Amino acid sequence: MLQDLPTKGELKTATKTFSKLERFFFWVFLFLFIGTTSYVLWDINESFMVIKPVKGGELIEGISDIPRFINPLLATGEADRDLSALVYSGLLRPTENGNYINDLSEKYEISTDGLEYTFTIKKDAIWQDGEPVTSDDIEFTIQKARDPVLRSPKRAIWEGVTVTKISDKEIKFTLKQPFQSFLENATMGILPKHKWKNVDSDKFVHNDLNISKPIGTGPYKFKKISKDISSGNPNYIELVPFKDYVLGEPKISKITLKFYSNQENLYTAYKNGEINSMNAVSPKIIEEIQSNSNQMVESNLPRILAVFYNQNQSKVLANKNVRLALDTAINRQNIIDKILLGYGTETTGPIPPGAIDLRKINTNEANSTSTENTEEAKQILAKDGWKLNEKTQLLEKKISSKEKMTLEVGLTTIDFTELKAAAEIIKSDWEKIGVKVNLQIFEKGDLDRNVIEPRKYDALFFGEIVGRDLDLFSFWHSSQRKNPGVNIAMYANAKVDKILESLKAERDSAKKIKLLQEFQSEIGKDIPASFVYSPHFLYIVPQEIKGVKILPPITASDRFLNVYDWYMKTEKVWKIFE
């Protein structure tokens with residue numbers, strides 16, 4: 001008992017009779033005893049303690065894009081998709097390893113014939129304004145996605161799907177034929193019917209709910225927006241945790257997304273400390289910005305960078321031999337080495353490297369040539385009747401007895417550091433074979449509205465995010481040629497249409513591989529695009545952020561898949577109180 005321990009005075013009295021040597025050893029052993037006892041007690045205490053993530057911290061992320069629609073049905077740009085991924089959620093949520101977990105849904109059942117999917121919504125699922133989530137919200141969202149007036153990019157994935165409300169918390173989807181990737185549909189963000197039901201489809205894009213008052217069910221909810229006075233564009237948007245999120249309240253106290261018109265401004269903001277995170281980082285600045293204060297997360301992307309040829313716009317590009325020569329002339333490895341610094345993979349077709357076992361797929365012979373093919377490209381054009389004008393050093397071809405055609409191509413791309421630099425190399429490669437190249441650079445919003453939507457380009461150097469489910473239908477089926485479809489090569493091939501329709505339903509992996517072989521072969525014969533490379537995804541975040549899990553395959557906004565598990569602050573607690 002404590003009252004039985006000797007006092008300081010008693011210890012002093014007891015040691016008076018000790019010799020100097022005895023007193024020295026006494027105090028040494030006493031200090032050793034106290035130190036050892038303290039360490040043992042500390043060690044025992046630590047064995048009962050655990051480090052627990054707690055609320056706190058702020059992530060300030062920069063994006064080289066300007067948001068237009070915080071709306072899963074209208075999102076097209078990077079900023080749109082990122083904000084929608086944070087504010088909204090679907091029935092299911094993809095995981096970093098390509099599987100699915102329940103999000104708004106409590107469970108789901110698939111019929112034996114693969115035609116019916118029945119989902120049960122969680123009882124505690126509520127909107128960020130406190131209203132309950134019901135099957136009416138699901139039904140309403142899908143109806144709007146399919147509304148032709150809305151022109152949603154999600155329209156194609158719901159074609160041929162019948163939606164049946166069973167009860168307030170149960171909904172059934174009936175397919176006309178099996179669709180092996182249908183669960184991906186269920187990850188689409190859901191809109192609150194009670195907020196949108198009185199908004200006419202032709203007024204959807206102009207509603208405040210799209211940008212300054214979004215209401216979702218995702219891990220973060222809208223708090224504040226700051227807009228530029230002159231342009232009206234958002235400067236930044238602040239998000240805070242949604243405490244009733246069905247997978248658990250997020251730990252990071254605030255996420256602020258800041259928006260920049262181009263990558264140069266984004267990088268300047270990072271260097272100046274205005275932001276502490278950014279994604280889709282150009283490899284050229286990785287060494288410059290990496291430090292002990294940040295961490296780089298790298299992953300493959302199911303994304304293809306290619307030059308898409310608009311044969312409807314350009315008579316020159318309607319010539320298959322011209323497209324073959326242009327494709328042959330591109331030095332892909334040079335782009336990967338000089339622009340990507342090795343953070344990328346050369347591509348030979350529309351299927352991203354690593355998405356499936358490409359060794360089982362016959363690559364496109366026309367696109368699998370070496371990186372030094374200037375002479376071969378010249379020979380292709382010479383055989384097609386193109387001759388060099390010694391004065392202009394450009395290729396020309398007679399199209400009538402009185403008229404000649406100059407081999408001239410407009411090359412268009414986005415104001416994005418990596419793409420601009422790669423486009424310059426492509427331009428140089430084409431000029432070496434006698435092509436006059438007019439390179440045009442557009443900022444993202446301008447490119448979307450004034451170039452891609454009206455299909456006003458000859459050759460468009462652009463990226464396609466194929467996604468987890470290899471969404472080749474959206475990019476190559478003839479029904480997707482007009483906006484909001486994303487068949488930007490304006491490609492039409494009846495055989496390819498049938499292959500893509502079969503791929504949507506095929507579950508057998510061996511049969512799917514065979515269909516993909518046929519698809520790739522047809523694309524190779526027609527050369528509607530020159531596939532150049534697949535970039536790696538580079539994400540810079542502060543060192544103190546933990547729990548980030550990004551594994552292939554992903555889309556850029558999928559970096560937020562497990563954002564509710566991220567944390568910046570920790571504390572030690574006893575296990576019994578965890």
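The values are calculated or read from the model by the stated rules, or taken from the named source; none is laboratory data. Because the structure is a prediction, the values reported are computed rather than measured. Cβ: placed from backbone, ideal geometry, glycine included. Neighbour counts: every protein chain shown. SASA here: full protein model, heavy atoms, side chains in, ligands and nucleic acids out. Shrake-Rupley method; radii C 1.70, N 1.55, O 1.52, S 1.80 Å.
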Out of the residues in segment 152-175 that are touching a residue at least 40 places away in the same chain (Cβ under 8 Å) and among the basic types (Lys, Arg), state the one that is nearest to Ala85 (Cα to Cα). Lys154
Condition first: among the charged types (D, E, K, R) and either farther than 22 Å from Ala556 by Cα or touching a helix residue (DSSP H, G or I) at 6+ places or on another chain (Cβ under 9 Å) (or both). Now tell me which residues in segment 279-322 satisfy that. Lys284, Glu288, Arg303, Lys315, Lys320
Name the single residue that is modelled with the lowest pLDDT among those in segment 153-172 being more than 25 Å from Asp508 (Cα to Cα) and not in a loop (DSSP other than H, G, I, E, B). Arg155
I'd like the full set of residues that are in contact with a helix residue (DSSP H, G or I) (Cβ under 6 Å, 6 or more places away or on another chain), open to solvent by 60 Å² or more (accessible area, probe 1.4 Å) and modelled with pLDDT under 70, limited to segment 19-58. Phe48
Looking only at segment 414-464, count how many residues are part of a helix (DSSP H, G or I), closer than 12 Å to Val307 by Cα and open to solvent by 30 Å² or more (accessible area, probe 1.4 Å). 1
Looking only at residues that are open to solvent by 20 Å² or more (accessible area, probe 1.4 Å), of a type outside the set (Lys, Arg) and farther than 26 Å from Ser105 by Cα in segment 202-222, which one is nearest to the chain's Cα centre (by Cα)? Ile211
Counted residues, segment 112-121 - those being touching a strand residue (DSSP E or B) at 6+ places or on another chain (Cβ under 8 Å) and either part of a strand (DSSP E or B) or free of Cβ contacts under 8 Å to residues at least 40 places away in the same chain (or both): 6
Could you please give the count of residues in segment 504-563 that are among the polar types (S, T, N, Q), more than 12 Å from the chain's Cα centre (by Cα), surrounded by fewer than 23 Cβ atoms within 10 Å (Cβ to Cβ) and under 28 Å from Thr95 (Cβ atoms)? 3
Would you tally the residues in segment 370-387 being open to solvent by 40 Å² or more (accessible area, probe 1.4 Å), part of a loop (DSSP other than H, G, I, E, B) and without any contact (Cβ under 8 Å) to a residue 24 or more places away in the chain? 1
Has segment 245-252 got any residue that is in contact with a Ser or Thr (Cβ under 8 Å, 6 or more places away or on another chain) and of a type outside the set (Gly, Ala, Ser)? yes
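Restricting attention to helices (runs of 4 or more DSSP H) lying wholly within segment 173-288, give those where 2 or more residues are under 24 Å from Arg151 (Cβ atoms).
Once the helices (runs of 4 or more DSSP H) in segment 173-288 are filtered for at least 2 residues that are under 24 Å from Arg151 (Cβ atoms), what remains is 182-185, 193-196.
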Considering only residues that are β-branched (Val, Ile, Thr) and outside any strand (DSSP E or B), look in segment 125-152 and name the one that is nearest to Gln480 (Cα to Cα). Val149
Taking the options Lys315, Lys251, Lys320, Lys271, name whichever one is open to solvent by 40 Å² or more (accessible area, probe 1.4 Å), in contact (Cβ under 8 Å) with a residue 12 or more places away in the chain and within 23 Å of the chain's Cα centre (by Cα). Lys251
Going through Ser474, Ser479 one at a time, which residue ends up being in contact (Cβ under 8 Å) with a residue 40 or more places away in the chain, farther than 21 Å from Glu418 by Cβ, surrounded by fewer than 17 Cβ atoms within 10 Å (Cβ to Cβ) and polar (S, T, N, Q)? Ser479
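For Leu324, indicate whether it is under 28 Å from Lys383 (Cα atoms) and not in a strand (DSSP E or B).
Here the answer is yes, as Leu324 does meet what is asked.
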Restricting segment 284-310 to residues that are in contact with a Lys or Arg (Cβ under 8 Å, 6 or more places away or on another chain) and over 15 Å from Tyr267 (Cα atoms), the one most open to solvent (accessible area, probe 1.4 Å) turns out to be Val297
Of the residues in segment 388-405, those that are acidic (Asp, Glu) and open to solvent by less than 80 Å² (accessible area, probe 1.4 Å) number 1
Quick check on Glu408: is it surrounded by 14 or more Cβ atoms within 10 Å (Cβ to Cβ) and modelled with pLDDT of 85 or more? yes
For segment 427-445, check the following and say yes or no: at least one residue is free of Cβ contacts under 8 Å to residues at least 24 places away in the same chain and among the charged types (D, E, K, R). yes
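Taking segment 141-160, which residues are among the hydrophobic types (A, V, I, L, M, F, W, C) and buried (at least 17 other Cβ atoms within 10 Å of the Cβ)?
If we filter segment 141-160 for residues that are among the hydrophobic types (A, V, I, L, M, F, W, C), which is where we start, we get 142, 145, 149-150, 156-158.
Scanning segment 141-160 gives Ile142, Ala145, Leu150, Ala156, Ile157, Trp158.
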